[in-house]
Every structure is written in structure tokens, then in C-alpha cells.
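**Q** Structure below; questions to follow.
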Amino acid sequence: MSAPSAGSGATPPPSGPGDPGHVATAGLALSPFRGLRYVPERVGTLAAVTSPPYDVVDPHRRLSLETADPHNVVRLILPRPEPEDTGERADRDTRYRHAARLLDSWLREGVLAPDPQPALYVYEQRTAADSPSGELLQRGLIGALAVSGREGAVVLPHEDVMPRPVADRVGLMRTTRANLEPLLLTYRGKGPAAAVIERTVTGEPLLTTTTSDGTRHRLWAVTDPAELGEVSRDLATCRALIADGHHRWEMYLRLQREHRHLPLSPWDRGMVLLVDTARYPLRVRAIHRVLYRLPPCQALDALRSGAEDGWQLSELSGDLDDALTALAAAKQRGDNAFVLTGGDSVYHLLTGPDEALLNTTVAKDKPEEWRHLDATVLHTTLLEHVWQVPDGPDDIGYLHAAVAAEREAARSGGTAVLLHPVDEGVVRRLAEQGVTMPRKSTSFGPKPASGLVLRSLELG
């Protein structure tokens, strides 16, 4: 049976007696769990022990977080190896064991403690109008979601994944036996779950903290059986789009397969934040590329020599903001468009190519919308055909901020390729067709802070 579309009017079977978490398997099944949370009296501040998700923490930020508090969650999600061990395999194993030992010691010392009863957690993020990210309010539900593959069509991925980061996350979770940070998923509900959220936020929160970026975070626990039942029945009519966390979702799937011999396995669920985008639309940003071993002069020369393929290259005046404005204008015209820079305050707008080159370089067995994505054209036409850049971490870097990509290009002597965000509607349409975009095509946000609540598999 295929899953109903988000917001469909399908009515799920009633919940089982005395089991408010029982849901139909055709849609989302979100279960309460006993969250592990920091004990405020045992840490400096709650803000000092939180972190952004692991994959957006750069080396400088990582060091800053580690020194903010000795119990910062970054020490779990990005653990360092013990100094006496050497070698890549020893490095990985030691990092994972070190994280597991830290987690165990923080539990023994009372730095982290489990909540007394299972709950779904209402999570709110709020920023003021004068904050760096502008005014924003987002609310959602954190719970343990039933893990299912693409064949179930309940949780829809929209990006491809890379084996190496998946293997890294698998090793960390396998060793710590914990979900250390929630994935971000979006859905479109019928209303009851949202009503539970809005009622919950009128009460006293479990925690309130404001992080250095000006975002206020609040968390509440939903434990009432009737309210849990309302949430379950609403979510059972929905399916979700993975907004952030494709590699960690693949981690959940792989570990579920490893433990399929266990009855009622805690590995069958993974911690997620579900946000109803009908009420709280997410922001979608681009993820930029830095081509470490391709100097700007070589990139530009290759494009000029292929002018017959329909590439149009023009130097832009102004600063980075002006370049991004020109990029947005080109996208408004419907072009494939990119900004190229070596981090030297010189920017070139690249548009094109013509349909003939796309037909020879881009697979024809995918929807036209996918074939004309900037990320598709970048990876299959520009990187593979024009620039012949190998697809690996030594050659391509992925950065979420244009200014960071510009800085990295200057540092490495390479070329930054700046992209324009993809519309969320395009992402959802392709995902519903079972079509994934090239990896790192989008950055949805705001992303949940790591460290506010963790899930231990030892607690069931």
C-alpha cells in the first residue's frame, strides 16, 4: 500500500486501546521516548553545551564550541581521537569509542539525565527582526520516527548521499548506541498535531536558552495520552520530506538492517524533528562548491573555448551581494546560472549551455525539471564534461555560506561556484516522483540545535 500524500484526507484506523502511540503504518509513526537532557546545574549554561548540526561545523567553530564548555555536545557528534592512536581506521574507531565513553561518563556524573517518562517534545526556535537571520518563528515535534526505505514512500529523500559520511555516522551511532541529534523533516498535516503544539507552548517549557546567533530555543514535553493520540492520528495521514539529514537517515536504514533479527528493536526508529511547513515554511538556501584544484583562470579559459556550446560569461561589477543579486536576476529569466570567483573580489556570471550540450551530457531518463536543475548541470555538464573535475573530497568542497566559499577559494587557489537556492516546491515534486537531486543541492533551515535532547537506545 502506498503512503497517502501530505495532507490527504485518508482516515487511519483508530488507535489501539490504551496505546496512544499506535498508528497506521501507511503514514508517519512518531513515538514518544525518554529524552536525555543536560542537567542545568551541572553545566555552565545550556547555550554553551549546544552546537549546530555536525555537518555545518567548520574547524574554527568546532574549537570554539569545545572550549565553550567541557560538556559541549560537539565532543559527541564530532569526537576527536585519543592522541596515542594512529592510522585512519584506529582514528575512526577511537573517536567513536571516545564519544561512547564520554556519553557514559556524563550519564554517570549526572551531566545528562533521562526524563522520567516518554514524551514527544515540542521544539520552538525564534529569532528577532534585528538578528542576523531576520525574524523567524518555527515550531515542530521531536520524536522517534519509524524508519522505512524508499519502497514505503513515507519518508522521501531528495538528495543523493556520499558513502564516506554515511559510514562515519554509522560507526558513531553503532558505538554510542544513541541518536545524538535530530534530523529535520517536513510534512503537511491536517491540523490536530499543530493544535497540540499550539496548546503546549502556552505552558511552562522544560528549558529556554538563547544561542550566540540570537536564536531563542524552547522545549516542552507532551505526555498526555489523549494528545499523543491526536498527534498519531494526524501524522498517520502524512508523509515527510527529508529537509536536512540525508546521511543520517541512510545511517538509520543501515543500522536497522543490521539489527533486523531483533524483535521490537530500538534501531527501528530514529530521532527526528517534524515541522509542518503549511504553518511554518522552512527557508531554502543553496550550498556552494569550491573546486580546490581548478584555478579560476583555467575554469574561465575552458568555458571561453567552449563558447559554441552556448555558455555566456560576463564579468560583474560590485561586491559579493551585487553578484548574488545578478545571479537571482538570471534565475528569474529561467536560465541555468552560476557565479564564479577566486575569492579576489572578481565575479563572473555564467549562464547556459544550449540544449544540444545538455542532451549529450545529462541523462534523458529523468524528468525535465531534474535535467535543468543548476546542481544537475553543474555536476554532469560542467564538472564532468567541461572542467573534468573528479568527484571527491580532495577536489570539491561544499559550503553553506557564499562568503565562506569565497574565502575558501582564496585560501586554496581554487574556484568558488556560487548557486541560487532551489524552490521548495521543485524539491517536493521531484521527491514525490522518487527522483533524488545531486547531493548537497539544498540547505533547509533553520536547523535544530544539537544538544537540547538526545535519544539513548539503551532506554528502549
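The values are calculated or read from the model by the stated rules, or taken from the named source; none is laboratory data. Keep in mind that this is a model prediction, so the values were computed, not measured. Reconstructed Cβ throughout: ideal geometry from the backbone, glycine too, with neighbour counts over all protein chains shown. These accessible areas exclude ligands, DNA and RNA; they are computed on the full protein's heavy atoms, side chains included. Shrake-Rupley method; radii C 1.70, N 1.55, O 1.52, S 1.80 Å.
**Q** Quick one: which residues, 5 or more positions from residue 347 or on another chain, have an amide H under 5 Å from its amide H? H modelled 1.01 Å from N in the peptide plane, none for Pro or chain starts.
**A** The list, which skips near neighbours in sequence, is 316.
**Q** So how do 297, 238 rank on accessible area, 1.4 Å probe, biggest first, that is with the largest at the start?
**A** Numbers: 297 80, 238 0 Å².
Ranked list, largest accessible area first: 297, 238.
**Q** Read phi for every residue in the stretch 145-161 and hand back ³J(HN,Hα) as whole Hz from Karplus 6.51 cos²θ - 1.76 cosθ + 1.60, θ = phi - 60°, with x for Gly and Pro.
**A** Result, ordered by residue: 8, 4, 8, 8, x, 5, 5, x, 6, 9, 10, 9, x, 10, 10, 6, 10 Hz.
**Q** Let me ask something else about it. Please give the FRET efficiency for residue 260 paired with residue 130, using the beta carbon to beta carbon distance and R0 = 60 Å, rounded to the nearest 0.05.
**A** Details: r = 51 Å, r/R0 = 0.85.
That gives a FRET efficiency of 0.75.
**Q** Let me ask something additional. Strictly over 28 Å apart at the Cα level, which of 366/447; 190/447; 190/366 would you flag in this model?
**A** Working: 366/447 30 Å; 190/447 24 Å; 190/366 32 Å.
Long pairs (Cα-Cα over 28 Å): 366/447; 190/366.
**Q** Let me ask something additional. Residue 160: accessible area at probe 1.4 Å, nearest 10 Å²?
**A** Surface accessible to solvent at residue 160 totals approximately 60 Å².
**Q** Okay, next question. Would you mind classifying the stretch 150-284 by shape? Square roots of the alpha carbon gyration tensor eigenvalues, ordered a ≥ b ≥ c; an a/c under 1.5 is rounded, otherwise it is prolate if a/b is larger than b/c and oblate if not.
**A** On the way: a/c = 1.59, a/b = 1.42, b/c = 1.12.
Prolate.
**Q** Another one. Under a point spin-label approximation (7 Å from Cα along Cα-to-Cβ), what is the residue 210-residue 167 distance to one decimal in nm?
**A** Computed distance between label sites residue 210 and residue 167 equals 4.5 nm.
**Q** Would you please give the residues with an amide H less than 5 Å from that of residue 159, counting only those at least 5 places away or on a separate chain, with H modeled from the backbone geometry?
**A** Amide H neighbours of residue 159: 437.
**Q** Any idea how far the Cα center of the stretch 156-183 sits from the one of the stretch 428-450, in Å?
**A** Between the Cα centre of the stretch 156-183 and that of the stretch 428-450, the gap is 16 Å.
**Q** Can you tell me, using C-alpha contacts under 8 Å and at least 6 residues apart, the relative contact order of the stretch 324-460 as a whole percent? Write out the running numbers ahead of the final one.
**A** Details: 127 pairs, mean separation 37.9, N = 137.
Worked out over the stretch 324-460, it gives 28 percent.
**Q** Counting helices only, and only those DSSP H runs with n ≥ 4, report the 222 nm mean residue ellipticity of the chain as the sum of -39,500 (n - 2.57) divided by its residues, in deg cm²/dmol to the nearest 500.
**A** Numbers: 13 runs with 136 residues, N = 460.
About -9000 deg cm²/dmol.
**Q** Also, I was wondering about something else. Packing-wise, with mean Cβ within 10 Å as the measure, how do 111-118, 224-231 rank, highest first? Write out the running numbers ahead of the final one.
**A** On the way: 111-118: 16.4, 224-231: 18.0.
Descending mean neighbour count gives 224-231, 111-118.
**Q** If you count the DSSP beta bridges with both ends in the chain, what percent of them are antiparallel, to the nearest 5? Write out the running numbers ahead of the final one.
**A** On the way: 61 of 69 bridges.
Looking only at bridges with both residues in the chain, the antiparallel portion is about 90 percent.
**Q** Expressed in nm to one decimal, what extension gain is obtained for the pair residue 368 and residue 313 from 0.36 nm per residue of sequence separation less their Cα-Cα distance?
**A** Values: separation 55, 0.36 × 55 = 19.80 nm, distance 2.43 nm.
17.4 nm is the gain from fully extending residue 368 to residue 313.
**Q** Using Cα pairs closer than 8 Å and at least 6 residues apart in sequence, work out the relative contact order for the chain, in percent.
**A** Details: 908 pairs, mean separation 106.6, N = 460.
Computed over the chain, the figure is 23 percent.
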